[in-house]
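Before any comments, here is the structure.
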């Protein structure tokens, strides 16, 4: 009897244990499925976030631009070395347009202003020389004949040619800041000596029928600066010798004799031979001829002229026969005489 009772208890115990094990396994399995499904959902959401971030990052990379950032603070006037900058990608929408994207355009240049570390270097922040000359100024010219393909990135010499064919360099190797080709304007920086030479050359253009023109460099980085061999008139030489901004006076010591010899050569020329090489007098010259035609009335006059040599609306007529400015002056004089006669008649009345 006792044995049968123990067997019955053992049977119930085993059955209960099996039921508990089954129930526990079911609960565990259900819990596992629940958390596994939740984990799958979280993983899917995380992967979706990653994909969204990848898209944003790709858009950022597509709309970024290369820039060079200062690693350490620099003071104005200090030279920038290769160890001072590092390359970075900056978003284009929040970066200035004049960022420098090549290290060779930065290394060896000088800062114009103090800059902290992390500052992106722009073209307006650097210059070629450590310090500005005291007399350096912005120059604007309209009286120089420009090449038709001139751009604001060009480096040029400004030259002058006299009616007898003598050709001199007035200003050498100037980097242009801006160009208005249609109106024949150029903008660059010059010092006091260069400004004096340019003004003297302009006087020669009026008095001696000389022509001022620009010539572009082929490879400015490989070509050295030329020796300026233009000699201004004696009055300008006197101003140069007394000008405190012009330090190098030694090269002008023999200039007076050179100028006198040039003027002697020009004086022996006959009046009919005194024509400007390539254009007319500055007041109505090749400078004016090569300006873009503007307005309906001007367009009608331009239609009568052969514009086969025009480029981008700028007409090259420097090879045409020069206009006799004396005829214009005589006609102007006649008009003035007629006006004076009319005035005297009115006064007599």
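The values are calculated or read from the model by the stated rules, or taken from the named source; none is laboratory data. On a predicted model such as this, the values are computed, not experimentally measured, just so you know. Cβ: placed from backbone, ideal geometry, glycine included. Neighbour counts: every protein chain shown.
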* State whether the residues of region 177-195 include one that is more than 22 Å from residue 153 (Cβ to Cβ), in contact with a strand residue (DSSP E or B) (Cβ under 7 Å, 6 or more places away or on another chain) and modelled with pLDDT of 85 or more. => yes
* Between a first residue in region 123-142 that is on the phi < 0 side of the Ramachandran plot and in contact (Cβ under 8 Å) with a residue 12 or more places away in the chain and a second residue that is part of a helix (DSSP H, G or I) and surrounded by 14 or more Cβ atoms within 10 Å (Cβ to Cβ), which pairs have beta carbons less than 6 Å apart while being 6 or more apart in sequence or on different chains? -> 135/192
* To do: Can you tell me which residue within region 72-86, out of those that are surrounded by fewer than 13 Cβ atoms within 10 Å (Cβ to Cβ) and in contact with a helix residue (DSSP H, G or I) (Cβ under 8 Å, 6 or more places away or on another chain), is farthest from residue 120 (Cα to Cα)?
  => 82
* Structure fact -> The condition of being at pLDDT 90 or above and within 21 Å of the chain's Cα centre (by Cα) holds, among 170, 156, only for 156
* Asked: Quick one: would you say residue 93 is at pLDDT below 80, loosely packed, with under 10 Cβ neighbours inside 10 Å, assigned to a helix (DSSP H, G or I) and on the phi < 0 side of the Ramachandran plot?
  -> yes
* Asked: Looking at region 197-216, which of its residues are surrounded by fewer than 18 Cβ atoms within 10 Å (Cβ to Cβ) and either assigned to a loop (DSSP other than H, G, I, E, B) or in contact with a helix residue (DSSP H, G or I) (Cβ under 7 Å, 6 or more places away or on another chain) (or both)?
  -> 206
* Asked: Of the conditions (1) part of a loop (DSSP other than H, G, I, E, B); (2) in the same structural domain as residue 199 (by TED's automatic domain parsing); (3) within 22 Å of residue 195 (Cα to Cα), residue 160 fails just one. Which one is it?
  -> (1)
* Does residue 104 satisfy the criteria of being modelled with pLDDT under 90, assigned to a helix (DSSP H, G or I), under 27 Å from residue 175 (Cβ atoms) and not assigned by TED's automatic domain parsing to the domain that holds residue 152? -> yes
* In region 244-272, what residues are surrounded by 14 or more Cβ atoms within 10 Å (Cβ to Cβ) and at pLDDT below 70? -> 245, 246, 252
* **Test: residue 163 is out of contact with any strand residue (DSSP E or B) (no Cβ under 6 Å at 6 or more places or on another chain) and under 17 Å from residue 266 (Cα atoms)** => yes
* Structure fact -> Note on residue 227: of the conditions (1) farther than 21 Å from residue 263 by Cβ; (2) part of a strand (DSSP E or B), unmet is (2)
* **Qualifying residue in region 165-184 (condition: without any contact (Cβ under 8 Å) to a residue 12 or more places away in the chain and either in the same structural domain as residue 109 (by TED's automatic domain parsing) or assigned to a helix (DSSP H, G or I) (or both))** => no
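Return the total of residues in region 138-157 being part of a strand (DSSP E or B) and surrounded by 14 or more Cβ atoms within 10 Å (Cβ to Cβ).
Adding up the residues that qualify gives 6.
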* Looking only at region 230-243, which residues are at pLDDT 80 or above and not in a helix (DSSP H, G or I)? -> 230, 231, 232, 233
